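Chemist: My questions will all concern the structure given below.
The values are calculated or read from the model by the stated rules, or taken from the named source; none is laboratory data. No experiment lies behind these values; they were computed from the predicted model shown. Note: ideal-geometry Cβ built from the backbone for every residue, glycine included; neighbour counts use all protein chains shown.
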Amino acid sequence: MGKILITNDDGIEADGIRRLAMAAREFGEVYVVAPSGERSASSHCITLRSPMDIYPFDFPVEGVTAFSCTGTPADCVRAGILNVMEEKPYAVLCGINHGYNAASDVQYSGTVGAAFEASFQGCLGIALSESSNGPHDVTDAFLREILEETLAHPLPDGQIFNINFPGCALDTCRGILRNRKLSKKMPFRDAYITKDPLPGGGRRIIVEGHYNEEAEESTDRQALLNGYVSVSILNNLSSIQY
């Protein structure tokens, strides 16, 4: 199938990227270019006016060539394709993210942003995420099947696969739901609270999220809430007439 590039937004030492690399070795020669530390909620941000540092990394999966990068997840995709790898990868896998990337949260996600960058660079982009506080049994049980299916399914320019694995026990998982629509609901209703007053009338604020389980029919969020693996295709190049 060719070479595969892997990145994430949790950092190169995260458990999810190690598990993803282990599974991906069956499908091609694996390279990892991932952030040196956590870059969550970095969306599709790239670095333009300052340098980035890239170092070889002793990755804990045999046969994987890995580098850490001081940039964002999208930077890692660009650097991997345009500088590190001698041959463009067939696919870029992003994850496995620590926490769902579903519903309205996808617009903030560094995992999803990296997958869209892969599509812009002419590669198949696949974002993979799982629950931040549940068991990972479902992910590990279905990961190979999901990779086999999506890696064999090229997408048009500007489209990516967005995969989310529920954090339920394996014996309560109800299977895979494909072609899920993106929920318009907010998984967290955010508020900003004042943490400290600052000189000159300023204030230091911090976000406080309140969990929300609302979800529409046939959406990614509803699938996860009901114990299904959710498979969606996201489009970042659509336009409308007016």
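Chemist: Can you pull out the strands (runs of 3 or more DSSP E) entirely within segment 1-78 that have at least 1 residues that are touching a helix residue (DSSP H, G or I) at 6+ places or on another chain (Cβ under 7 Å), at pLDDT 95 or above and of a type in the set (S, T, N, Q)? Full working, then the answer.
Modeler: Numbers: elements: 3-7, 29-35, 54-56, 65-69.
Output list reads 3-7.
Chemist: What is the one condition in (1) buried (at least 16 other Cβ atoms within 10 Å of the Cβ); (2) touching a helix residue (DSSP H, G or I) at 6+ places or on another chain (Cβ under 7 Å); (3) in contact (Cβ under 8 Å) with a residue 60 or more places away in the chain that residue 144 does not satisfy?
Modeler: Result: residue 144 passes all but (1).
Chemist: Tell me the strands (runs of 3 or more DSSP E) entirely within segment 158-242 that contain at least 2 residues that are in contact with a strand residue (DSSP E or B) (Cβ under 6 Å, 6 or more places away or on another chain) and under 16 Å from residue 130 (Cα atoms).
Modeler: Working: elements: 159-165, 188-198, 202-211, 229-235.
Correct list: 159-165, 229-235.
Chemist: Buried (at least 18 other Cβ atoms within 10 Å of the Cβ) and touching a Pro at 6+ places or on another chain (Cβ under 9 Å): does that describe residue 127?
Modeler: Working: buried (at least 18 other Cβ atoms within 10 Å of the Cβ): yes; touching a Pro at 6+ places or on another chain (Cβ under 9 Å): no.
Criteria not met by residue 127.
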